[in-house]
Structure formats: C-alpha cells, structure tokens
Amino acid sequence: MTETLLYEKTSEGLAWITLNRPDVLNAINMQMRDELWDLMHAVRDDPDVRVVIFKGVGNRAFSAGADISEFGTAPSYVEARGARRDRDLWGFMLSLDKVLLAAIHGFALGAGIELPMCCDFRIASEDVRLGLPEVGLGYIPSAGGTQTLPRHVPPGIAMTMILTGDPIDAETAYRYGLVQRVVPRDRLYSEAEALARKVLAQPAQAVRLAKRAVVEGIELPLAQGLALESRLATQAAMR
Ligand code: COA
C-alpha cells in the first residue's frame, strides 16, 4: 500500500491494484505514476502473482485521467523526466508477462482509459464514460493512447475519439471491442474476479507463452508472427 494506491493479494495468484485518490476522482498525478512504476516492478518480480486486476476507489470514476492541477506547474526538466517515465510505465505494463485486467466504472478519461488499454482485458460497468479529452486541452494523449486506441478499435473510431474528445458509453465501447464485457455496477468486481480465476485455472506457462505470442506477434508481419508462434509452441511442448 502506498499513498495513492492500494495493493492487495487476495488469493492464490491474484492481486488487486486500486487507484486511491477519491477526492479528485482518482486523477493520476506524478506521485501515482511513480508509485505505479515501483509497484509494477514488484509485481513483475513476484512469482506468486499471475493476474492483476486494476480498479478505482469510490463510486464516480475509475480515473478522471492525468491530474490537471499539475499541468504547467512542473519545471521543464521535471516534466521531461515525467514524460519519459510516463512512456516507460505504459511500455513496461505492455511488456509484462503477467495477465492484467481492468475493472472500469464511471469516468475513465485520458490516462484513466489509457491505463486500461495497457491491460489484456477490460470489463466495464454499465455507467462508464470512456474518452480522451487531451486534444481539447491543447495536449495529445501521452499515456500511450494514440498508439493503443487504434490497436483496440477501428482506426477511424480511434481518430474520432481522439480528435473530438467525445466520451463513449458502455454499449458503444463493447460494440467497438474496447471493452470485452459490460456488467451491472454491483457485479463489476465479482465478474472481474471470475474472469481472473478462469485464467488462473489454466496452466501458468501456457498462459505466459500464449500472451507473449499475441502481444509480440501483433507487431510483426504474418510470416514472422508464425515463426514466433512456432518457437513459443516448442517451448510450451517442452514443459
Ligand atoms: N485532475 C485533477 N483533479 C480532478 C480531475 C483531474 N483530471 N478530474 C476531477 N478532478 C477533481 C475536481 O477538480 C473536483 O475537485 P474539487 O471537489 O476539489 O473541486 C473533484 O475531482 C470532482 O470533480 P468534478 O469536476 O467536481 O466532478 P463532475 O461530476 O462535475 O465532473 C468530470 C466529472 C470527470 C467530467 C470532470 O471532473 C472532468 O472533466 N475532469 C477532468 C477530466 C480530464 O480532462 N482529464 C484528462 C486530463 S488529460
């Protein structure tokens, strides 16, 4: 547990990370990014954790995005360092061989939806509003959103969301494939846990190798992707 995050290992193989700044709708400030950076490294190094579920504290938001009170306040070198760390954090999350799941409710804006886009599955409650308001504020998404969103939804939809800033609702997000399940608010965490348990019931090494095949393969031309799959399949067979 840190000042901005709650961390809980609840049962065999499963950990929960809760964004915990309820007074500001779990806005992601530099401190939370730094604490996430440290926590995600601890997760990587913990063989007991195989699946992580992210959630946000409070009733109103998973996260309202980057902390706008910090915009323009940091000295430039600190900003530069922050931006670098920013990229590293999201890239680091994308490179982890743990399974990451986001259970999203209420507002998930800016980095508040970019963080879930660095996860493997997204489950939403019916009340979600998902959007990228950065361009309207004179910035561009910088927690990976310009790159991850068009990999999750059709490019034209991604462009519309990025250039208009208009949030989408749960049904629309499901239709585009941005979230994989929509559930009533009171079942959000039980459904997320049930999905986590399904993955945990699978053989650990096969899950790790299959995730790697998908994540690394998606960036490759098909022939190289098939070669990667073949190498990983050999490893899976060598148990
Ligand atoms: N950064 C810092 N503080 C934030 C925040 C953010 N991204 N989003 C909300 N807050 C704070 C508000 O300042 C407010 O604090 P206060 O009670 O001290 O005034 C509190 O969280 C509640 O937000 P409020 O705006 O009063 O709630 P609302 O229901 O009227 O509106 C939102 C909810 C999410 C529509 C609105 O808060 C919003 O637009 N937030 C900014 C979203 C954004 O642009 N994020 C991306 C930045 S790139």
Check: Among 223, 204, 103, which one moves the most in a GNM of the chain with springs linking Cα atoms closer than 10 Å?
Finding: 223
Next item on the list: Sort 123, 162, 218, 68 so the one with the fewest other Cβ atoms within 10 Å of its own Cβ comes first.
Entry: 218, 68, 162, 123
Check: Can you give me the pair-distance distribution of the chain, C-alpha pairs, 5 Å bins, whole percents?
Finding: 1, 6, 14, 18, 20, 18, 12, 7, 3, 1, 0
Notebook entry, point to check: Quick one: 37, 90, 16, fewest Cβ neighbours within 10 Å first, how do they rank?
Noted result: 37, 16, 90
Item checked: Environment charge at residue 23 (Cβ cut-off 14 Å; Lys +1, Arg +1, Asp -1, Glu -1) -> 0
Check: When DSSP beta bridges are limited to those with both residues in the chain, what percentage is antiparallel, rounded to the nearest 5?
Finding: 30 percent
Checklist line | Gaussian network model of the chain, Cα within-10 Å springs - most flexible of 127, 45, 97 | finding: 45
Notebook entry, point to check: What is the Cα centroid distance between region 169-185 and region 1-48, reported in whole angstrom?
Noted result: 24 Å
Checklist line | Cβ-based exposure ranking for 9, 98, 55, in which fewest neighbours within 10 Å come first | finding: 9, 98, 55
Notebook entry, point to check: Given the options 190, 69, 142, which has the most mean-square fluctuation in a GNM of the chain, springs set between C-alpha atoms less than 10 angstrom apart?
Noted result: 69
Check: Quick one: length gained pulling residue 1 to residue 160 fully straight, 0.36 nm per residue minus the C-alpha distance?
Finding: 53.5 nm
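Read-outs: derived from the displayed coordinates by stated rules, not from any lab. Bear in mind the structure is a predicted one, so any value in this text is a computation, not a measurement. Positions of Cβ are generated from backbone atoms using ideal geometry, with glycine treated the same way; all protein chains shown enter the neighbour counts.
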